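Notes follow the structure.
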Amino acid sequence: MQHDTIAVVDFGGQYAHLIATKLRLQNIHAEIRQPEDPIEAFTSCKGIILSGSPALSSHGEDSEYNKAIYDLDIPILGFCFGHQEIAKHYGGTVVNDKQEWGRAHLHILIDHPLMKGLGKVEQVWMSHNDTVSSLGPDFEELGYTALDQGEDKHRYAAIVSDKHKRYGFQYHPEVDDTIHGDEMIRNFAYEICGCKPSWTLENFLDEEIEKIRKLVGDESVFLLASGGVDSTVAARVLGEALGPERLHLLHVDNGLMRKNESEQVLESFHKMGLGENLHFIDATDDFLSALSGLVEPEEKRHAIGKTFVDVFEKEARKLGMETHLLGQGTIYPDTIETGGTKRADTIKTHHNRVPIIEEMIAAGKVVEPLAELYKTEVRNVGLSLDIPEEMIWRHPFPGPGLGVRLLCSDGEPIPAEELNPLQTGIDKALADYPFSGTALPLKSVGVKADLRTYEHPVLLEGHHLDGSKELDWRHLEKAAGLIYKMVPGINRCICNLAPQMPQSFAPRAGSVTKERLDLLREADNFVMEGLKRHNLYQKVWQCPTVIVPLTVDGNEGEFCIIRPIETERAMSAVASHLPGTLLAELTESILALPGIVGLAYDITTKPPGTIEWE
Ligand code: XMP
């Protein structure tokens, strides 16, 4: 190995690649290793990081991996599951207790090089079921977290043994919501492992361009270009590698785009000089007929992904370009959420990772220059290639677009045995709060401890600060945290925006139709325009607007939810706090749309919710 390298052991889930990315951003070479890899795969590394794991539990039976790594005189740092494994290996205990989701405060107890440059209290990000409950003889408590006042402080959130060079963090420093997580990772690499810097984004681009040339050979690439940041940056990178004449762009209007979006996308491609080999097809009918009657979110995703390939192949045949490779702007979260690494759970199947595309990838027929990167890095590559800022800062929009944000239902009632215990739990959690919450008879996808969930949301009464239009974020978010902790089966909290708190809800049948999509397009357009009007478009990272078929207080129609979030890499997220004035404007305009029977604001962190609803 030429460079100082840190090996990241991938125990599954979302995070090993993110850890590697965070190391690279600190100019450190990082390589992913599998838990069963032979010891030779580790001996020349300067350090080892053990990732978290969704599927493995640390408190139960012995976990299987190559424990000979503990015989090496190389520093090892574990996150979440990795932290628990280290504690256990050196004589500590782990119990299934004291779960934490989302934000927590780490109280640092020792002046240690791992925490160099940090304060005494740091915001960290948690997503765990198991907890370290005691330490072995050579370990010290470096920091703890405590969610509630008066709670037993012994959540061993950070542990050290300088004697063994072993370290553990219960939280995820690799997640952007651990505010100084990058510094902690940097401290491990530089202060503990003694690494010297070597990796840069420029090197990465050069290597990527080489790889593209090798893979494509004398062929050309036909790139599916939605007009989003990823496919636009991919177009520029492919153009650099192959030259403009060997790159064709195909923009498909799948009928699931935002209001007037395809027109704007085509115009901006022309403005950027990418209009020469630009092809356009309106395939709305193909997508709507593939989605007809489907309700289940994963079935909808599969239908959309497959229709993209069908449309692409039909168009390629028409243009006599059958031998071209398929280009896609896939980024890393698309792969990981689809369960694309050895142990990751399928949170959702991204449109560019459906089985037929996986087969084409295996046959070497797909080129994806950004597949290793996250959105932030893609934006940085885009800026370095002089892509206009307005394009770089467009909100991310998923390939299946409004198809995922238009929730569908077969209208079957949810049994009282399912909802009643949730309601009892919610009432208990909110006993000391001046607002109520109702478990809704609908489900959406979320993620807890790296595993997909399909659970109910709670509608909280919209509680405002005294005498103001502003929502009382502190109390609402605290109550939400308590509900996730106390009520299994809830993965989101949303807050009522309508003038009255609705009293009754009943599921209603609804599938993907042009009429429903048009209504969603209107509501979404109000939200996008509102963010721009209030100069919040860039501060808010993404803002899905969602509709759900529901009967609310006897009115049959669509319940609408807005979900403004802030994040950096979409692996974790917090709700944006939109100002009361904007909320009042949105409430008035959205509730006036014919067919909308309720409006709420999603205040859920990720985890336990995902960014998108489906
Ligand atoms: P979640 O909802 O999983 O979303 O928190 C994380 C990010 O991924 C985007 N997303 C997609 N992007 N194709 C895409 O190109 C997809 O199928 C897809 N599904 C989710 C989502 O919008 C968010 O930015």
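A few remarks follow.
- Of the trypsin sites (Lys or Arg not before Pro) in region 61-148, those whose Cβ has at most 12 other Cβ within 10 Å and which sit in DSSP loop: Lys120
- With R₀ fixed at 60 Å, the C-beta to C-beta distance from Leu109 to Lys318 puts the FRET efficiency at about 0.35.
- Between Asp182 and Leu72, the C-beta separation translates, for a Förster distance of 25 Å, into a calculated FRET efficiency of about 0.45.
- With helices as the sole contributors, the chain gives -9500 deg cm²/dmol at 222 nm; each DSSP H run of n ≥ 4 counts as -39500 (n - 2.57), and the sum is divided by every residue.
- For the residue pairs Lys514/Lys539; Lys485/Lys606; Lys318/Lys365; Lys469/Lys532; Lys300/Lys485; Lys88/Lys120, the C-alpha atoms sit more than 22 angstrom apart in Lys514/Lys539; Lys300/Lys485; Lys88/Lys120.
- Evaluated with a Cβ-only charge set (Lys, Arg +1; Asp, Glu -1), the chain carries a dipole of roughly 480 debye about its Cα centre, given to the nearest 20.
- All-pairs alpha carbon distance profile, region 83-150, 5 Å steps from 0, percent: 4, 15, 22, 25, 23, 11, 1
- The value obtained for region 541-614, namely the Cα convex hull volume divided by the number of residues, is 90 Å³ per residue.
- Isotropic mean projected area of the C-alpha convex hull, region 216-285 (nm²): 4.7
- Shown here for region 274-376: GluC sites (Glu not before Pro) in loop regions (DSSP other than H, G, I, E, B) with at most 16 other Cβ atoms within 10 Å, namely Glu276, Glu322.
- The peptide list 517-524, 21-28, put in order of mean Cβ contacts within 10 Å with the highest first, becomes 21-28, 517-524.
- Contour minus Cα-Cα distance for Met486 and Asp138 (0.36 nm per residue): 121.8 nm
- Estimated dipole of region 216-300 in Debye, rounded to 20 [Cβ of Lys and Arg +1, of Asp and Glu -1, Cα centre]: 300
- The simple Förster model, with R0 at 35 Å and r as the Cβ-Cβ distance, assigns Asn277 and His395 a FRET efficiency of 0.85.
- Kyte-Doolittle mean at least -1.0, axial Cα span of 18 Å or more - DSSP H helices of the chain: 201-216, 229-242, 416-429, 473-486, 514-533
- Based on alpha-carbon atoms, the Kirkwood radius and the radius of gyration of the chain give Rg/Rh equal to 0.97.
- Summarising the overall dimensions of region 416-602 from its C-alpha atoms, the Rg and Dmax are 16.0, 46 angstrom.
- Enclosing the Cα atoms of region 201-399 in their convex hull gives a volume equal to 120 cubic angstrom per residue.
- Sequence-distant aspartates and glutamates (8 or more away, or on other chains) whose Cα lies within less than 14 Å of Lys271: Glu263, Asp386, Glu389, Glu390
- The ellipsoid equivalent to the alpha-carbon distribution of region 5-192 has semi-axes of 23, 19, 16 angstrom, derived from the gyration tensor eigenvalues as √(5λ) and listed largest first.
- Relative packing of peptides 197-210, 540-553 - highest average C-beta neighbours within 10 Å first: 540-553, 197-210
- Each peptide among 502-508, 485-491 gets the average number of other Cβ atoms lying within 10 Å of its residues, and from highest to lowest they stand as 485-491, 502-508.
- Dipole of region 543-588 [Lys/Arg +1, Asp/Glu -1 at C-beta], most positive-end residue of Thr567, Leu583, Leu550: Thr567
Here, each number is a calculation from the coordinates, and none is a lab measurement. Note that the structure is predicted; figures quoted are calculated from it, not measured. Positions of Cβ are backbone-derived with ideal geometry, glycine not excepted, and every protein chain shown enters the neighbour counts.
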